[in-house]
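Contents: one structure, followed by commentary.
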Amino acid sequence: MVQRTVASIYNPGNLSKEKLHDSFVVRLPKFERIFKDIKDADMSVPQQHYLIEGQRGMGKTSMLLKLAYSIQDDPELNQVLLPVIFNEEEYSISKLYKMWEKVAEILSDKEPGFSNLHDEMDDLYDKLKDEELYEKAAFELLIQRARKEDKKLILFIDNFGDIFSKFDKHENQRLREVLTTCADLRLIAASSVVMEAFFDYKEPLFEFFKREKLQGLSRKEADALLLKLGEDYKQEQIKTILEEQPGRVEALRRITGGVIRTMVLMFEIFVDYEKGEAFEDLEKILDRVTPLYKHRMDDLPAQQQTIVNVIALQWDAISTKEIAEKTRLASKVVSAQLSQLVDNDIVEKVPTNTKNHLYRIKERFFNIWYLMRQGRRNDKQRVVWLTRFFEDWCDEIGIVDRARKHVEALKGGLYDVMAGLDLSLALSSAKHLPTEERSELVFETLKFLKSKSPDLLKSYSRSEFDGEQDLNLLSRVMLKQYQENKTAFDGMNPLEKKQLFVNMALLSLEEDNQEIATELIWRLSDGNSKRYFILLSGLFIKTKRWEILFELGIMAASQSQKIVAFMVAQVLYGVEKDMALHLMTSLANNEFWPALFFQIMNFEGTKTDIKNLYETEFNSSLKYVYINQKFIQSLNPQKNTTDLLNSIGSELISQWLAKLIKFDFFEEAKSEIIETERRGLLNLDDVFLQLLAKKEFSQLANFFTSPQGEALHLKDRFKPIWYALMYYMQDEYPNEYLKMGPELEETVKEIIAEVEKRAVDYA
């Protein structure tokens, strides 16, 4: 027995009235607006009709059924209005009179007062023997019966464009007459075909229809639909996917255009492949739509197939001249075939300010399919790049996301102890990390250390520095004894009396006796140098001896206790910034990666400062990030932590490049971009956003189109950023922005908004 898929089950025509109402969770504002219009109209005079437009799979059928069922369920409306619901496909309606016959057939089957209406029409046809006379008589018979039943008819006709295209000119004029003069009938139609008669003001039906365009689902609507499907089909993991992999879901929504039918396919794939990624999901969706799209191509004549091939492989809009050159067909031939392709809804025309208009594949997901199934390797790579750009852009970007991923890795317990601790220290130092995330990071790090290395946890515990009041007197007595005879404590286990030793050391510092304090702490550290530095740092922090703390940090760094020195620098940064930066610089020069990360995230200097820092320290420290494979390999690959570290390394470099750009070091930044690409650290979108915010439009355009930029495929890999740039450069490139496909529009608008927000920094 073949199992039915959600896609086949979740078909609006197959759903009961109750199920359709329950599953209608998107398009609600549009539905409510149309339904209110229907409810408010008393139909005492002819009403304006509706045409709901959208490509196949956008939910037009569901909208018609929802409106019709809502009329039936409304106790006031169903006394007045009689909804007539056509099938989604009505192949028999080739003439206008056949449309009236279809209405009579539907009503005869379902409404007692119309039970013999269809038979009466048959008798009329036999008597009149003239189609034009019969059409008018059949319509009058229909309206008379409706008036007799005290009902107004409201027709819900799907795929109306296909029906309307079969009517001749006389029938079009007759339909116009009916729709503009009859107060007993209203039409709510849907069409996936663009109908000039309904949007060209010169056409007879223009002013009598309100056009409602169904666009792709928004992010909120897509989430609502997937959650509803999960609820209906008992697949609770959908909620987890939406919460933990928002970029995966959003990338697919954008690249597929938010088509409802495709979203249902996505749901099935998410259920089967819970831990997938966006591009893998896309491949599976493409497999499922291949029969449909292959049939579409096979139905085209040979010349049209050739033209579609060129347009699809170009992806962005292309001119007639360019198509002619690539197909080696005459321009007149190309123009004629393009007209047919536009009429058949395969290709859309993008008007320009000249006679040279642009053309692209209308259904963008069909174009994606063509690139992936018919294109060369480089064509497929363009889809990969765009999908991954969407996934990265739509997911949480920045230090908060890095910290959350690191916390999850800590919870998994798969880190090497020191590698996990190093990364926690680096992330917790970032000034943009909110308090809540920072607290969770510290908490999970301590839990991780407790399970992996209790001794190391003791070294980092601050609680041992909080002396109890009842120990103060004893501490003073014992300190006096120690000062008089340092051998008095020989044989005592200081770890069993650790709070006593800490209190004694504090009292020594109060008396400015640093030598005694350090001796006591050395005893407490039991000869462990790391523990010694940490305990002593705690004392200096508690007594706010910042200069001594700074000296201790320098000493720790010189004795390879870099983590301790880094902790000292973090503390000093909040109270003695110059000391902290000096210590951080020393650590960075000695290739301590967390210190470099801290410097970059917290840099606050002048143009001269960053130039000096770049020339003297950045390159050697950056080299450490590039080549320290030992550090990378210390992370367990099962948690994909190598990618995590590379991601943070990319974040580090992006921060530096952004600062170089901010201070007008564009050439230095460009060389670093090229080097970064060569080494495989690819997070450059943030750098390009900084350039846009600084209004370095020409510089960025030149870089994208330079031999280096072409070698790096920047225009394809950062396509949304390229079109955001073209938005700002429309005076120089008037048609380039028009080439952008609609699948990019939402992302490009978001990029422009982000650029405008960042531009405040450069005002």
- Task: Please work out which residue is farthest from the chain's Cα centre (by Cα), limiting yourself to the stretch 303-348 and to residues that are in a helix (DSSP H, G or I) and of a type in the set (D, E, K, R).
- Result: Lys332
- Note on the structure: Counting only residues in the stretch 183-197 that are surrounded by fewer than 19 Cβ atoms within 10 Å (Cβ to Cβ) and not charged (D, E, K, R), the one modelled with the highest pLDDT is identified as Ala183
- Only listed residue being surrounded by 15 or more Cβ atoms within 10 Å (Cβ to Cβ), not in a helix (DSSP H, G or I) and not assigned by TED's automatic domain parsing to the domain that holds Pro46, chosen from Leu252, Leu300: Leu300
- Within the stretch 377-392, count every residue that is under 25 Å from Leu292 (Cβ atoms) and in contact (Cβ under 8 Å) with a residue 24 or more places away in the chain. 8
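The rows are residues; the columns are (1) buried (at least 18 other Cβ atoms within 10 Å of the Cβ); (2) of a type in the set (D, E, K, R); (3) in contact (Cβ under 8 Å) with a residue 60 or more places away in the chain.
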{"residue": "Asn87", "(1), (2), (3)": "no, no, yes"}
{"residue": "Glu105", "(1), (2), (3)": "no, yes, no"}
{"residue": "Pro112", "(1), (2), (3)": "no, no, no"}
{"residue": "Gln144", "(1), (2), (3)": "no, no, no"}
- Item | From Leu313, Leu282, Leu341, Leu286, residue being within 21 Å of Arg373 (Cβ to Cβ), free of Cβ contacts under 8 Å to residues at least 60 places away in the same chain, among the aliphatic types (A, V, I, L, M) and assigned by TED's automatic domain parsing to the domain that holds Leu386 | Leu341
- Message: Taking the conditions exactly as written (of a type in the set (A, V, I, L, M, F, W, C), out of contact with any helix residue (DSSP H, G or I) (no Cβ under 7 Å at 6 or more places or on another chain) and not in a loop (DSSP other than H, G, I, E, B)), does Leu738 satisfy them or not?
- Response: yes
- Note on the structure: By residue number, the members of the stretch 716-745 that are surrounded by fewer than 19 Cβ atoms within 10 Å (Cβ to Cβ), of a type in the set (D, E, K, R) and farther than 16 Å from Thr352 by Cα are Glu745
- Message: So, in the stretch 323-338, exactly how many residues are closer than 18 Å to Ile361 by Cα, in contact with a helix residue (DSSP H, G or I) (Cβ under 8 Å, 6 or more places away or on another chain) and either aliphatic (A, V, I, L, M) or not assigned by TED's automatic domain parsing to the domain that holds Val308 (or both)?
- Response: 4
- Message: I'd like the residue in the stretch 255-285 that is farther than 16 Å from Phe366 by Cβ and not in a helix (DSSP H, G or I) and, out of all such residues, is nearest to the chain's Cα centre (by Cα).
- Response: Glu277
- Would you check if Ile38 is closer than 26 Å to Gln173 by Cα, under 37 Å from the mean Cα position of the chain (by Cα) and part of a helix (DSSP H, G or I)? yes
- Message: So for the stretch 93-105 (the condition being in a helix (DSSP H, G or I) and in contact with a Ser or Thr (Cβ under 8 Å, 6 or more places away or on another chain)), does at least one residue qualify?
- Response: yes
- Matching residues, the stretch 111-170, being among the acidic types (Asp, Glu), over 15 Å from Ser94 (Cβ atoms) and in a loop (DSSP other than H, G, I, E, B): Glu111, Asp130, Glu149, Asp150, Asp158
- Message: Looking only at residues that are in a helix (DSSP H, G or I) and within 29 Å of the chain's Cα centre (by Cα) in the stretch 1-20, which one is modelled with the highest pLDDT?
- Response: Leu20
- Looking at Ala183, is it in a loop (DSSP other than H, G, I, E, B) and either aliphatic (A, V, I, L, M) or outside the structural domain of Pro83 (by TED's automatic domain parsing) (or both)? yes
- In the stretch 41-76, what count of residues is obtained for those that are part of a loop (DSSP other than H, G, I, E, B) and of a type outside the set (Gly, Ala, Ser)? 12
- Task: All but one of (1) of a type in the set (A, V, I, L, M); (2) out of contact with any helix residue (DSSP H, G or I) (no Cβ under 8 Å at 6 or more places or on another chain); (3) under 17 Å from Ser191 (Cα atoms) hold for Ile52, so report the exception by its number.
- Result: (2)
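The values are calculated or read from the model by the stated rules, or taken from the named source; none is laboratory data. Predicted model, so just to flag it, every value in this text is computed and none were measured. Glycine also receives a Cβ, built like all others from the backbone with ideal geometry; neighbour counts cover every protein chain displayed.
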